[in-house]
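Undergrad: Sharing a structure with you now.
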Amino acid sequence: MSLHISSAFNEDLTHINAKVNEMGGLCERMLEASIKAIKKSDVKIADQIIILDEKINTLEIEVNEAVIKAIALRQPVADDLRVLISAIKISGAFERIGDLCKNIAKRTRLVLDDFPKKTRDKIANLGEKVLEQLTKSINSYTKQDLQLAKIVWEKDYEIDEMYTELFDVLLKYLKKKKRIAAGSHLVIIAKNFERIGDHTTHVSRMIHFAITGESLNLERPKFNLPSSLGENNET
Amino acid sequence: MSIKFKAEKVDVFYNEKQAINNISLNIEKNMITALIGPSGCGKSTFLRCLNRMNDVIDSCKITGNILLDNEDIYGPNIDPVDLRARVGMVFQKPNPFPKTIFENIAYGPRIHGLASNNKELREIVFNSLEKAGLIDEVKDRLDDQATGLSGGQQQRVCIARAIAVSPEVILMDEPCSALDPIATAKIEELMNEISQSYTIVIVTHSMQQAARVSKKTAFFHLGELIEYGDTDKIFTKPKNQKTLDYITGRFG
């Protein structure tokens, strides 16, 4: 893409882009740490995640302010406008991912010792799948890689499937062991990973929109409801 | 939507120099069409072809066809003076006659014989000033010199003067470039209001103005029509790279 005649506008766009990238990098670190905290039963890691979330929140405010300033002062059109609108939306998604990681960390501190490694590993596997998607979506943003963004969008159903399967496993475990409070935290942790996957997909949709001006079709592969919900057999 | 102007393969030369190259463009009726492009791209030349303002330039030669309601405006039966009553023009710099406000508006209807008596003439003047959104500001000073008005008011006098001869089309060549933002907003609002009754073609260097006022936009570059389409599409997702580079202020 060729540069604008206004070097100040080029600098503004580069600056906003760098901040969004930084937010993506922080999300990656937080998600990675969340997985590690669950796998290794490490409370200290969970504490670090909470600190990183504050940094993401600050960056989101800075991105919003920089975009509003650029729109007010430059009156951007076409791809410039799409890039700026997408920056606001993507930074919003990253901010939510940060919140969800923080929530995972807080819950992890409460339940770590209560569950066998096998169960925690299953949740961590879901987290790792989500991390893989998040990394791809950040790479697609950095490299403006349309194909990669599309792959992330298409593959979200894999996370949904993993979550559905895990939900059933967790529910059966809860029923058997009668450990409702701690088990609920675990279900919510799994759900949070699944939601991070959704936000990651949203990021890839925004990248696609910024590059092409087209919204990705909302129809994509769907996942099944957890069987326990489908059967309505809650006790 | 019906077509008001149909330009077919129009070339314009000033002596040997070609200013416009093979332009075909349909301008729709009762709609605002904006012509944008860098200086020297041919947009004003094209605008001036639409009411034969280029006739007065000896070195100017035009080929191709320009049809107004399917009639060739360069055909043998067309009187340029009558044509310019049907296709009025407002210029970059407000250019009221050095006469009273009333006389500025009354001049056109009088020479075209549009009023049979003074009462009718006054009605035309009042109606025109009303349509131009100026009546409340000038109704008590119609005998004042038009040149004593503010720039924005003068430009609206010029629009009222154009409206007074009941044109079908109004051509505007950068009508707001000498005006402040408030006067500009008033002219743009006026254009929006009158566009239901008149076909308006505006040349503007302000992309924001083109985006704000027009339904269709044509982008000219080096005498060629690069892209023509709905304004919202041109400014959100242009098809041509040259259009994109121009509207976003990039190096072409």
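The values are calculated or read from the model by the stated rules, or taken from the named source; none is laboratory data. The shown structure was predicted, so the numbers you read here are calculated from the model rather than taken from an experiment. In case anyone asks, the SASA skips ligands and DNA or RNA and just uses the protein heavy atoms, side chains included. Shrake-Rupley method; radii C 1.70, N 1.55, O 1.52, S 1.80 Å.
Undergrad: Which far-off residues, 5 or more places away or on another chain, put their amide H under 5 Å from the one on residue B:250, with H placed in the peptide plane?
TA: Placed amide hydrogens put A:5 under 5 Å from residue B:250.
Undergrad: Here is a follow-up. What residues qualify as long-range amide H neighbours of residue B:95, i.e. H under 5 Å apart, gap of 5 or more or another chain, H built at 1.01 Å from N?
TA: Correct list: empty.
Undergrad: Another question, if that's okay. Note down the relative contact order for chain B as a percent, whole number, built from C-alpha pairs under 8 angstrom at least six residues apart.
TA: For chain B, the relative contact order is 27 percent.
Undergrad: Apply the Karplus curve 6.51 cos²θ - 1.76 cosθ + 1.60, θ = phi - 60°, to the phi angles in region B:129-135 and return the couplings in whole Hz, x for Gly and Pro.
TA: 5, 5, 4, 7, x, 10, 4
Undergrad: Further question on the same structure: Can you run phi through the Karplus equation (6.51, -1.76, 1.60; θ = phi - 60°) for region B:55-72 and list ³J(HN,Hα) in whole Hz, with x for Gly and Pro?
TA: Coupling constants for region B:55-72: 4, 6, 9, 4, 6, 8, 10, 10, 10, x, 10, 10, 9, 10, 6, 6, 10, 5 Hz.
Undergrad: Which positions within region B:228-252 get 10 Å² or more of their accessible surface covered by the other protein chains, compared to the chain by itself, with a 1.4 angstrom probe?
TA: B:235, B:236, B:237, B:244, B:247, B:248, B:249, B:250, B:251
Undergrad: Just to be sure I understand: with springs between alpha-carbon atoms less than 10 Å apart, which residue in B:56, B:165, B:90 has the highest mean-square fluctuation in the Gaussian network model of chain B?
TA: Among B:56, B:165, B:90, the largest mean-square fluctuation in the Gaussian network model of chain B belongs to B:56.
Undergrad: Tell me, which residues of region A:1-22 get at least 30 Å² less accessible area when the other protein chains come in, versus the chain alone (1.4 Å probe)?
TA: At a threshold of 30 Å² (probe 1.4 Å), the residues of region A:1-22 that become less exposed are A:2, A:3, A:4, A:5.
Undergrad: Averaged per residue, what accessible surface does the protein assembly as shown expose to a 1.4 Å probe, in Å²?
TA: Working: 23390 Å² over 487 residues.
Per-residue accessible area for the protein assembly as shown comes out at 48 Å².
Undergrad: Further, regarding this structure: Would you jot down the residues in region A:60-94 that end up with at least 30 Å² less accessible area in the complete protein assembly than in the chain alone, with a 1.4 Å probe?
TA: Buried by 30 Å² or more upon assembly, which counts only protein chains, are A:75, A:77, A:78, A:79.
Undergrad: On to the next question. Rounded, prolate or oblate, given the Cα gyration tensor of region B:1-100, with a/c below 1.5 counting as rounded?
TA: rounded
Undergrad: Here's something else I'd like to know. When each pair of different Cα atoms in the protein assembly as shown is counted once in the 1/r mean, what is the Kirkwood radius in angstroms, to one decimal?
TA: Final number for the Kirkwood radius of the protein assembly as shown is 27.1 Å.
Undergrad: Also, I was wondering about something else. Apply the a/c threshold of 1.5 to the C-alpha gyration tensor of region A:35-87 and tell me whether it is rounded, prolate or oblate.
TA: Cα axes put region A:35-87 in the oblate bin.
Undergrad: At a probe size of 1.4 Å, how large is the accessible area of residue A:15, to the nearest 10 Å²?
TA: Spelled out: residue A:15, probe radius 1.4 Å, area about 100 Å².
Undergrad: To the nearest 100 Å², how much accessible surface do chains B and A hide from each other in total, with a 1.4 Å probe? Please report the intermediate quantities before stating the final value.
TA: Working: alone 12310 and 12200 Å², together 23390 Å².
The contact between A and B buries close to 1100 Å².
Undergrad: Taking Cα atoms, how many degrees apart are the long axis of helix B:151-164 and the longest axis of chain B, rounded to 10 and kept between 0 and 90?
TA: 90 degrees
Undergrad: Output needed: percent of Cα pairs per 5 Å distance bin for region A:7-231, bins running from 0 to the one holding the longest distance.
TA: The percentages, shortest bin first, are 1, 7, 15, 17, 17, 14, 11, 8, 5, 3, 1, 0, 0.
Undergrad: Counting only protein heavy atoms and a 1.4 Å probe, tell me what percentage of region B:3-247's accessible area is made up of carbon and sulfur.
TA: On region B:3-247, the fraction of accessible area on carbon and sulfur atoms equals 47 percent.
Undergrad: Further question: Given springs between every Cα pair under 10 Å in a Gaussian network model of chain A, which of A:83, A:63, A:43 has the largest fluctuation?
TA: Its mean-square fluctuation being the largest, the pick is A:43.
Undergrad: Additional query: What part of the accessible area of region A:7-231, given as a whole %, is carbon or sulfur when the probe is 1.4 angstrom?
TA: 54 percent
Undergrad: Most mobile of B:13, B:102, B:219 per a Gaussian network model of chain B (Cα springs, under 10 Å)?
TA: B:13
Undergrad: For residue B:4, enumerate residues with amide H under 5 Å from its amide H, sequence gap 5+ or separate chain, H modeled in the peptide plane.
TA: B:27, B:28, B:29
Undergrad: Largest first, what is the accessible-area ranking of A:34, B:150 with a 1.4 Å probe?
TA: From most exposed to least exposed: B:150, A:34.
Undergrad: Further question: Pull out the extension gain between residue A:17 and residue A:147, defined as 0.36 nm times the separation in residues minus the alpha carbon to alpha carbon distance; nm, one decimal.
TA: So the chain would gain 44.8 nm between residue A:17 and residue A:147.
Undergrad: Please report how far the C-alpha centroid of region B:200-252 lies from that of region A:35-60, rounded to the nearest whole angstrom.
TA: The two parts, judged by their Cα centres, are 48 Å apart.
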